[in-house]
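Just below is one structure, and these are the notes that go with it.
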Amino acid sequence: TATRLQVRNWRTQPPSREELQGATWIPEGGTTKLGLLGMAACYREIEQQLGQAPDAIVVAAGSGGSAAGLARKASCLIHAMDVVGDKGLPTRMTQLLSPRAFDRINFHQAQLKGFASGEKEVLQTMQDFKAATGIQLDPIYTAKALLKLDQLLQQGEFRAGSKIVFVHTGGLQGI
């Protein structure tokens with residue numbers, strides 16, 4: 001087990017073989033080859049469960065791996081809700097995707113006041129969603145993405161009757 005500080009330090013000075021002996025390296029964020037494959041499989045499962053492609057998929061975007069993996073297989077638009085305020089996210093995503101897959105992603109700013117800042121609207125979204133569905137959201141990723149989806153719906157971003165899938169990417173950071 002490594003601390004967050006050790007992992008940060010490893011970005012500039014990788015760990016020695018002795019430090020990693022017997023360890024399995026799981027990088028922070030979901031933007032790995034395996035993560036992208038997992039989200040591509042997630043898209044296939046969504047289509048299978050619906051019996052057709054949805055009109056849109058909405059997902060929180062931190063490192064962008066979930067949106068990129070979905071876009072690799074999707075035939076619909078992927079709405080990537082940038083919950084961390086990463087201005088370099090679209091540029092990095094061009095390196096992960098073909099131009100055709102990249103064109104299926106719409107980026108939306110969903111950070112609000114800052115990363116993990118606990119805004120009142122986010123906490124209310126969490127409470128309302130849990131009361132309605134029994135499903136817990138986290139205040140750092142999924143609640144901000146759902147709040148942005150609600151705003152887009154109110155602004156008429158999606159046509160009436162659209163089949164929209166919100167992907168809860170898990171994690172309960174900040175709870």
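The values are calculated or read from the model by the stated rules, or taken from the named source; none is laboratory data. Given the structure is predicted, the values throughout are model-derived calculations rather than measurements. Cβ placement follows ideal geometry from the backbone for every residue including glycine, while neighbour counts extend to all protein chains displayed. The protein model used for the area step is the full one, side chains on, heavy atoms only, and it has no ligands, DNA or RNA in it. Shrake-Rupley method; radii C 1.70, N 1.55, O 1.52, S 1.80 Å.
A few notes on this one:
- Heavy-atom SASA rank of THR169, THR142 (probe 1.4 Å, accessible area, largest first): THR169, THR142
- Neighbour net charge for ARG72 - beta-carbon separation under 13 angstrom, K R +1, D E -1: +4
- Virtual spin-label span in nm between GLN6 and ASP55, 7 Å along Cα→Cβ: 5.0
- 222 nm mean residue ellipticity, helices alone, for the chain (DSSP H n ≥ 4; -39,500 (n - 2.57); rounded to 500): -13000 deg cm²/dmol
- Tilt relative to the chain, helix 33-50 - C-alpha long axis, 0 to 90 degrees, to 10: 20
- Region 65-137: trypsin sites (Lys or Arg not before Pro) falling in loop per DSSP and having at most 16 other Cβ within 10 Å: LYS87, LYS113
- The angle between the Cα long axis of helix 120-133 and the main principal axis of the chain comes to about 70°, on a 0 to 90 degree scale.
- Here's the list of lysines a cross-link from LYS148 could span, going by alpha-carbon distance under 22 Å and ignoring same-chain residues fewer than 8 apart: LYS87, LYS113, LYS120, LYS130, LYS163.
- In this simple spin-label approximation, LYS87 and GLU47 carry label points 7 Å from Cα along the Cα→Cβ vector, and these lie 3.7 nm apart.
- SER16 paired with ASP150, simple spin-label distance in nm, labels 7 Å along Cα-to-beta-carbon: 5.2
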